[in-house]
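The values are calculated or read from the model by the stated rules, or taken from the named source; none is laboratory data. All values derive from a computational prediction rather than experimental measurement. Every residue, glycine as well, gets a Cβ built from its backbone with ideal geometry; the counts of neighbours run over all protein chains shown. The protein model used for the area step is the full one, side chains on, heavy atoms only, and it has no ligands, DNA or RNA in it. Shrake-Rupley method; radii C 1.70, N 1.55, O 1.52, S 1.80 Å.
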Amino acid sequence: MSTTTATAVAPLTIQDAEALVDTARRAAETAGAAVAITVLDAGGHLLAFRRDDRAVLIAGETSTRKAYTALQLNAPTADLVDAVQPGGLFHTLPTALDRPLLFIAGGVPVHRDGRLVGAIGVGGGAPEQDHGFATAAVEALAA
């Protein structure tokens with residue numbers, strides 16, 4: 001009889017969340033972009049949020065929805081944009097859930113030891129910029 005043991009993976013901590021926000025904020029400032037940044041834990045709960053004073057107000061909502069979408073689908077939102085177009089695999093998904101998903105680049109899942117532990121969303125810049133800021137934060141945390 002064989003037994004398997006699952007190894008516990010440390011959850012995303014507030015320190016991790018603050019590091020993600022700080023790295024994304026610095027990347028955005030370097031690029032001259034005013035953004036909002038949201039970090040969610042594996043359960044979709046808010047761990048950290050920051051909106052630049054100059055960011056458009058909707059950036060806060062878009063950053064949160066991007067993070068939630070990346071978390072729920074365990075994929076960068078940049079990789080999902082085509083899937084919600086007419087005829088795409090997830091065409092009806094944005095309106096199928098109580099909590100809206102947002103298929104615009106800028107949401108990135110956060111993994112630790114191969115397990116999903118949370119997500120970051122960035123909104124306020126161009127979608128490609130937001131994706132870059134979020135990716136830079138996730139890569140820095142993993143380093």
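Given a 10 angstrom Cα cut-off, can you work out which residue in A31, A78, A67 is the most mobile in a GNM of the chain? The residue that fluctuates most here is A31.
The residues of segment 46-125 expose on average 52 square angstrom of accessible surface per residue, using a 1.4 Å probe on protein heavy atoms. Ordered from highest to lowest accessible area with the whole protein assembly present and a 1.4 Å probe, L20, L102 read as L102, L20.
Roughly to the nearest percent, how much of the accessible area of the chain is carbon and sulfur, given a 1.4 Å probe?
Whole-percent figure for carbon plus sulfur exposure: 54.
Each of H111, H45, H131 has its accessible area taken with a 1.4 Å probe; listed largest first, they run H45, H111, H131. Springs between Cα atoms under 10 Å define the GNM used for the chain, and in it the highest mean-square fluctuation of T64, T77, T23 occurs at T23. Sorting D53, D22, D130, D79 by solvent-accessible area of protein heavy atoms yields D53, D79, D22, D130, largest first, with a 1.4 Å probe.
Normalised by the residues of segment 1-81, what does the relative contact order come to in percent, with Cα pairs under 8 Å and at least six apart?
Values: 79 pairs, mean separation 18.7, N = 81.
Here the relative contact order equals 23 percent.
Per residue of the chain, what 222 nm ellipticity follows from adding -39500 (n - 2.57) for every DSSP H run with n ≥ 4, rounded to the nearest 500? After summing the helix terms and dividing by the residues of the chain, the value is -12000 deg cm²/dmol.
Other residues lying with their Cβ under 13 Å from the Cβ of P76 contribute a combined charge of -4, Lys and Arg counting +1, Asp and Glu -1.
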